[in-house]
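To keep things clear, I will list the structure first and then write my remarks on it.
None of the figures in this text is laboratory data; all of them are computed from the coordinates on show. Just so it is clear, the model here is predicted, and its values are computed rather than measured. As a convention, Cβ positions derive from the backbone with ideal geometry for all residues, glycine included, and neighbour counts pool all protein chains shown.
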Ligand code: SAH
């Protein structure tokens with residue numbers, strides 16, 4: 001059955017027309033879905049019983065079941081959602097002083113193969129639809145009874161490898177008639193699919209683009225991230241510079257520090273050379289060791305030295321706060337799950 005949350009407002013109007021209904025009904029339904037956030041068609045009380053029946057026959061509401069919920073000592077929550085086809089995905093809620101952030105997944109599995117990430121190595125199943133992406137937010141909001149202020153596309157999957165659905169989800173999240181979360185409160189992280197970075201630049205969405213850089217030369221980056229064999233650092237940086245020129249938006253570079261791999265001052269020096277003069281920010285992530293992974297976390301001392309070197313040389317750098325690592329909810333710890341093994 002079709003998922004009613006897979007349509008943007010314009011498409012929903014077309015759907016309603018095809019059912020012989022007036023397009024303004026779509027506006028009403030949209031409001032029920034994203035403002036009132038109801039869970040059943042029968043709660044849409046300004047629609048006739050007949051229309052509600054028609055909707056029930058033609059569409060599902062895609063309400064996720066929570067299979068498992070874990071809470072970290074720092075307040076981070078990790079949800080395992082049943083995506084209703086036998087697969088399950090993880091979504092994380094992080095609580096900061098300035099508000100609540102949800103880290104959403106966009107694919108069941110991931111094709112990118114980054115050597116340090118737990119989402120690698122498990123079979124890729126499929127991309128999520130836009131409705132399945134947005135549902136993660138609705139389901140978490142319902143569970144906590146509170147509104148979310150920020151969304152990061154940093155869960156399982158590569159957002160730019162599911163481009164159309166991710167863009168559609170962002171527009172629904174951002175739409176004042178949808179979830180009404182400001183574009184500046186939405187971040188999309190990519191391992192570096194260069195052609196799609198150019199596409200994103202043209203979308204005219206004011207969201208933040210994060211680039212998983214992690215290394216400053218091709219040999220090292222390719223050994224960590226196979227995608228670098230397709231789009232190397234030079235092409236990636238060129239795309240970023242063009243992105244900044246087109247959008248006038250600052251890019252955030254993610255750099256996961258792994259001990260004796262990419263964390264010494266030579267690397268910091270190369271990073272300064274690479275990013276000098278760009279409108280950007282560097283987000284340093286203490287790497288989380290994964291099962292059987294060869295990369296382990298840098299010492300706190302090295303992480304701070306690395307940050308200080310960047311800051312002293314004109315590159316704004318901060319260390320990402322580690323949240324939820326005790327429940328495997330931190331960066332790189334999310335994985336696709338089968339319902340059978342939960
Ligand atoms: N596919 C997207 C989103 C993935 S996750 C991307 O590659 O950007 C968000 C961030 O977590 C990325 O920067 C990713 O490289 C990083 N990450 C993955 N595994 C990690 C690990 N074990 N420790 C720290 N960061 C990790």
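Results, tabulated for the structure shown:
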| read-out | value |
| --- | --- |
| Sites residue 42 and residue 98 - FRET efficiency at Förster radius 45 Å, r taken between beta-carbons, to 0.05 | 0.75 |
| C-alpha center-to-center spacing [the range 56-74, the range 77-94] in angstrom | 7 Å |
| DSSP-defined antiparallel bridges as percent of all bridges, the range 94-212, nearest 5 | 35 percent |
| For the range 1-50, the Rg and Dmax computed from alpha carbons only, in angstrom | 10.2, 25 |
| Gap separating the Cα centres of the range 302-327 and the range 112-152, nearest whole Å | 25 Å |
| Distance cut-off 23 Å, percentage of C-alpha pairs in the range 219-303 lying past it | 27 percent |
| Tensor-based shape of the range 44-188 (alpha-carbon gyration tensor, a/c under 1.5 rounded, otherwise prolate or oblate) | prolate |
| DSSP beta bridges in the chain [antiparallel fraction, %, rounded to 5] | 45 percent |
| Stokes-Einstein translational diffusion, the range 72-126 - Kirkwood Rh over all Cα pairs, 1.306 mPa s, 10 °C, in µm²/s | 124 µm²/s |
| Most to least packed among 16-25, 318-327, 248-257, 222-231 [average Cβ atoms within 10 Å] | 248-257, 222-231, 318-327, 16-25 |
| Binned Cα-Cα distances of the range 102-215, short to long, each 10 Å bin given as a whole percent | 14, 48, 31, 7, 0 |
| Where labels lie 7 Å past Cα in the beta-carbon direction, separation of residue 115 and residue 180 in nm | 4.8 nm |
| Value of relative contact order over the chain, rounded to a whole percent, pairs C-alpha under 8 Å and six or more apart | 17 percent |
| Radius, Kirkwood style, for the chain when every pair of distinct Cα atoms is counted (Å) | 21.0 Å |
| Kirkwood Rh and Cα Rg combined as Rg/Rh, the range 254-342 | 1.06 |
| 0 to 90° range, to nearest 10: angle between helix 49-58 axis and the chain longest Cα axis | 50 degrees |
| Whole-angstrom gap from the range 239-259 to the range 155-227, using each part's C-alpha centre | 11 Å |
| Fraction of alpha-carbon pairs over 24 Å apart in the range 163-286 - percent | 29 percent |
| Sorted by Cβ density within 10 Å, fewest first, the residues 97, 313 | 97, 313 |
| Interatomic Cα distance distribution for the range 100-141, bins of 5 angstrom, percent | 5, 23, 23, 19, 18, 11, 1 |
| Principal axis dimensions, largest first and in whole angstrom, of the range 27-115 by Cα | 52, 34, 22 |
